[in-house]
Structures are given as C-alpha cells and as structure tokens.
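Chemist: Mind looking over this structure? Questions follow.
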Amino acid sequence: MNRELRVAAYAVCVRDGQVLLARWVAPDGAKRWTLPGGGMDHGEDPYDTVIREVEEETGYACDPVRLLGVDSVTRRYPRRLGTFADFQGLRIVYEGRITGGELRHETTGSTDLAAWHPLDEVARLDHVELVDTGMELWRTKPAVGRAAFPGR
C-alpha cells in the first residue's frame, strides 16, 4: 500500500452573512461545494498557498487574517492495478478577508464555480465535510485549532 500525504490551505471568507464557496468537481464528475483553497506547491508557505488558491478559484484577492486551525483526515483510495493508497490530508484553515478582485469561475482547475452562500443555507448545500470543519473553526475559534466534533 502506498502512503500519500497532501498538505493544503483553505480560507473561510464570510462577508455580509454569506460565505464564499467553490464548487469542486470530483474525478467521477460529481459536484460538491468546498472552501476555496488547495494543495501547497513544494517550497510554498501555506499563507501564500491560500492567497494563490482563493484567487485561482474565485477571482478574489484574499488577506488571511487569522489561522483558524489544522484538520487531518485519512482515507483509503483505490489506485491502478488493484493497489490502494493510504492517504492523509493535512488541511490548514485560515479566516480570510476579501480585499479586491471580482468574482469569477475557475476554468482549468478542480473547481468550476464560485459563489457566496447565506450562512443559514450552507448546511443544506451538497458539500464536502471540510465546509463543516471550516465553519466550526470559524464559529468557535478554538485555542488548540481543532474543530470539536463527536467521536474525535
């Protein structure tokens, strides 16, 4: 089994009672809302990653104003020739403030749409669990930087 580690940075950008989300397109074509952000390039600082990724996915300039926390997930994914990957995702989550730019959609990446959503409607959206984690970190701003969910 191959071990894979992916380090990524994401932003929770809330403005006027709405949160900015990007719609992720899965390899199978399924589409679900996620926080804007993504994988770090080798040698890149996570702070710079979140600035770059928010701009790529939404068109906005983002100022990371606070580190909200770090989330770690593990998964088992099928790979070629019947093998599997033991995957770990390390997700660094910032609170972001939009400082410029204009909303636009990514055309050559893993997302196809960006939009503002009312905070009270997020739970009803088809979204990845990272959205719940990010919103919990944003609401509670835990001192240890870890969202408190049952079973953790």
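Chemist: Label Asp48 and Ala148 with points 7 Å out from Cα along Cα→Cβ: what is the distance between them in nm?
Modeler: 3.7
Chemist: In whole Hz, with x marking every Gly and Pro, tabulate ³J(HN,Hα) for region 100-106 from phi via Karplus 6.51 cos²θ - 1.76 cosθ + 1.60, θ = phi - 60°.
Modeler: Those phi angles translate into x, x, 9, 4, 8, 9, 6 Hz.
Chemist: Shifting gears a bit: For helix 129-140, report the angle its Cα long axis makes with the longest principal axis of the Cα atoms of the chain; keep it between 0 and 90° and round to the nearest 10°.
Modeler: 40
Chemist: Now for a different question. May I ask you to give the percent of accessible area on region 38-145 that is carbon plus sulfur, with a probe radius of 1.4 Å? Before the final figure, lay out the partial values.
Modeler: Working: 3110 of 6000 Å².
Within region 38-145, the accessible surface is 52 percent carbon and sulfur.
Chemist: Arg15: accessible area at probe 1.4 Å, nearest 10 Å²?
Modeler: Rounded to the nearest 10, that gives 100 Å².
Chemist: Apply the Karplus curve 6.51 cos²θ - 1.76 cosθ + 1.60, θ = phi - 60°, to the phi angles in region 14-24 and return the couplings in whole Hz, x for Gly and Pro.
Modeler: 10, 8, 6, x, 10, 10, 7, 10, 10, 8, 7
Chemist: Let me ask something else about it. Label point 7 Å out from Arg15 along Cα-to-Cβ: which residues of region 105-140 have amide N under 15 Å?
Modeler: Under cut-off, by backbone N: 105, 114-119.
Chemist: I would also like to ask the following. Compute the semi-axes of the equivalent ellipsoid of region 15-152, taking the square root of 5 times each eigenvalue of the Cα gyration tensor, and list them largest first in whole Å.
Modeler: Numbers: eigenvalues 105, 75, 54 Å².
One finds semi-axes of 23, 19, 16 Å for region 15-152.
Chemist: Something else now. Normalised by the residues of region 30-152, what does the relative contact order come to in percent, with Cα pairs under 8 Å and at least six apart? Don't skip to the answer; put the middle values down first.
Modeler: Numbers: 178 pairs, mean separation 35.3, N = 123.
Contact order relative to length: 29 percent.
Chemist: Tell me the mean residue ellipticity at 222 nm calculated for the chain from its helices only (DSSP H runs of n ≥ 4, each -39500 (n - 2.57), averaged over every residue, nearest 500). The partial results should precede the final answer.
Modeler: Numbers: 2 runs with 25 residues, N = 152.
Mean residue ellipticity, 222 nm, calculated: -5000 deg cm²/dmol.
Chemist: Here is a follow-up. What stretch of the chain, leaving out the sites themselves, is the longest with no GluC sites (Glu not before Pro) in a DSSP loop having at most 16 other Cβ atoms within 10 Å?
Modeler: Working: sites that count: Glu44, Glu102.
Longest stretch, sites excluded: 45-101.
Chemist: Residue-wise, which Karplus ³J(HN,Hα) couplings in Hz belong to region 73-86, taking 6.51 cos²θ - 1.76 cosθ + 1.60, θ = phi - 60°, and x for glycine or proline?
Modeler: In residue order, the calculated couplings are 10, 10, 8, 10, 10, x, 10, 4, 6, x, 8, 10, 10, 8 Hz.
The values are calculated or read from the model by the stated rules, or taken from the named source; none is laboratory data. Keep in mind it's a predicted model, so treat the numbers as computed, not measured. Note that each Cβ is placed from the backbone with ideal geometry, even for glycine, and that neighbours are counted across all protein chains shown. The protein model used for the area step is the full one, side chains on, heavy atoms only, and it has no ligands, DNA or RNA in it. Shrake-Rupley method; radii C 1.70, N 1.55, O 1.52, S 1.80 Å.
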